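The values are calculated or read from the model by the stated rules, or taken from the named source; none is laboratory data. Small disclaimer: the values here were computed from a predicted structure and weren't measured. Cβ: placed from backbone, ideal geometry, glycine included. Neighbour counts: every protein chain shown.
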Amino acid sequence: MKFKSNNILIISDTHDDKEALSYCINKFKNLNFDLIIHAGDITKPDVIKSLLLLNKPIIAVYGNCDKDKKSLKDAIGKNGIIGEAPLEIKINDKKFIITHDINKIDKKIKADVIVHGHTHLPEIETNHILTINPGECCGFYTFRKTCVLLDMENLEAELIEL
């Protein structure tokens, strides 16, 4: 599947924390992006419904806490895609691998960008492959609500504290 984007909002580990999600969505409104990537642990369809209020397509993978996959898929509907990790997609002719747990993908995988979550720890690595963990939106493990904004023109990732 192919997508086009100028700036991508990358999030993970929302864990159905309604208060934290509401806070983050209000902060997201001040950011310039046209696509959302969620690296799993969405947990409830209401999270997807809240994100859809931003009027941007969503690309997501299931995390280990996403038990009701059918409800999550139904919530996204035609407003994006959700699938099992690892999900391979093209955005602006760049190969993205989206997963929840980076330890469950082949270390020899070829990609331009790998997006993952699970650890709740934000991290951006720029070795041969741009590897992004946006941290957590819920903020209950690290007490930090974070996301990443990816500039597709320069393939530069910025960690944002919310």
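One residue alone among 158, 125 is farther than 21 Å from residue 32 by Cα and modelled with pLDDT of 95 or more, and that residue is 125. Exactly one residue out of 89, 82, 102, 124 is of a type in the set (Val, Ile, Thr) and over 24 Å from residue 6 (Cβ atoms): that is 102.
The residue that is surrounded by the most Cβ atoms within 10 Å (Cβ to Cβ), among those in the stretch 36-53 that are free of Cβ contacts under 8 Å to residues at least 40 places away in the same chain and more than 14 Å from residue 15 (Cβ to Cβ), is 52.
I'd like to verify a number: residues in the stretch 88-101 that are closer than 15 Å to residue 12 by Cα and surrounded by fewer than 21 Cβ atoms within 10 Å (Cβ to Cβ), how many? Before you say what the answer is, go through the steps one by one.
If we filter the stretch 88-101 for residues that are closer than 15 Å to residue 12 by Cα, which is where we start, we get 97-101.
With the extra rule that they be surrounded by fewer than 21 Cβ atoms within 10 Å (Cβ to Cβ), the set shrinks to 101.
Result for the stretch 88-101: 1.
Taking residues in the stretch 114-140 that are at positive phi, and partners anywhere that are acidic (Asp, Glu) and buried (at least 24 other Cβ atoms within 10 Å of the Cβ), the pairs with Cβ atoms closer than 6 Å and at least 6 places apart or on different chains are 120/13; 120/136. A count restricted to the stretch 69-86 and to residues that are surrounded by fewer than 21 Cβ atoms within 10 Å (Cβ to Cβ), touching a residue at least 24 places away in the same chain (Cβ under 8 Å) and either charged (D, E, K, R) or out of contact with any Pro (no Cβ under 7 Å at 6 or more places or on another chain) (or both) stands at 2. The single condition among (1) surrounded by fewer than 21 Cβ atoms within 10 Å (Cβ to Cβ); (2) out of contact with any strand residue (DSSP E or B) (no Cβ under 7 Å at 6 or more places or on another chain) that residue 33 does not satisfy is (2).
What pairs come out if I take residues in the stretch 100-111 that are touching a residue at least 60 places away in the same chain (Cβ under 8 Å) and pair them with residues that are part of a loop (DSSP other than H, G, I, E, B) and small (Gly, Ala, Ser) whose C-beta lies under 7 Å away, six or more apart or interchain? The qualifying pairs are 100/39; 100/40; 100/63; 100/85; 100/117.
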